[in-house]
Amino acid sequence: MRRRTVTAGSLEEILQATAPAAAPEPAAAPPAAAAPAGREDHGLRTEFEFELPRGYVDEAGTVHRHGSMRLATARDELRPQIDLRVKENPAYLSVVLLSQVITRLGTVTDVHAGIVERMYATDVAFLQDFYRRVNSEGHTRAAVTCPHCEGGFEVDLSGGRLGES
């Protein structure tokens, strides 16, 4: 069995070579075009809203707490493996991975590793758990137990703080 070393450039080439061929776009599509035959909306949820426990504070001092995260692709999980920062420090993998799947954080739409680096540790831990739940379990609910009555119930991690609606 031969082993092949993949570099950043060759991963892009492999991904482009194995990507499905793009269909030529029609010259003029009607404004209210129906979905193509055979394609149905199965209600698959691919983006999930969240609210950070503390919030990201930008350079201007604005706190960004509400955001959204999309489902990860295989490419999202492969890319950090070739990142030099991850090779030097494997703990950096979660920073790179989160920066790829967070689509919005307050008014910030270009979420990159530098932004995730400047987040509070509690927010990063929250996002890591949120990522795991969304991509492994397909939902944002968590089973919890009341410390006083020991009753069990579910909470939605993407919602507001306790007591808020």
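The values are calculated or read from the model by the stated rules, or taken from the named source; none is laboratory data. Keep in mind that what you see is a predicted model, and the values were worked out from it rather than measured. Note that each Cβ is placed from the backbone with ideal geometry, even for glycine, and that neighbours are counted across all protein chains shown. Areas reflect the complete protein model, heavy atoms only, side chains present, ligands, DNA and RNA absent. Shrake-Rupley method; radii C 1.70, N 1.55, O 1.52, S 1.80 Å.
Of all residues in the stretch 53-63, none satisfies being under 11 Å from the mean Cα position of the chain (by Cα) and in contact (Cβ under 8 Å) with a residue 60 or more places away in the chain. When Arg54 is tested against the conditions (1) within 20 Å of Glu137 (Cβ to Cβ); (2) open to solvent by 30 Å² or more (accessible area, probe 1.4 Å); (3) not in a helix (DSSP H, G or I), the lone failure is (1).
Restricted to the stretch 98-112, and to residues that are assigned to a loop (DSSP other than H, G, I, E, B) and open to solvent by 20 Å² or more (accessible area, probe 1.4 Å), which residue is nearest to Pro80 (Cα to Cα)? So, considering only residues that are assigned to a loop (DSSP other than H, G, I, E, B) and open to solvent by 20 Å² or more (accessible area, probe 1.4 Å), the one nearest to Pro80 (Cα to Cα) is His112. Residue count for the stretch 83-96 satisfying the condition of being over 14 Å from the mean Cα position of the chain (by Cα) and either open to solvent by less than 60 Å² (accessible area, probe 1.4 Å) or touching a residue at least 60 places away in the same chain (Cβ under 8 Å) (or both): 3. Scanning the stretch 113-158 for residues that are open to solvent by 30 Å² or more (accessible area, probe 1.4 Å) and modelled with pLDDT under 80 turns up Glu137, Gly138, His139, Arg141, Ala143, Val144, Phe153, Glu154, Val155, Asp156, Leu157. For the stretch 67-82, the count of residues that are among the β-branched types (Val, Ile, Thr), more than 17 Å from Phe130 (Cα to Cα), open to solvent by 30 Å² or more (accessible area, probe 1.4 Å) and assigned to a strand (DSSP E or B) is zero.
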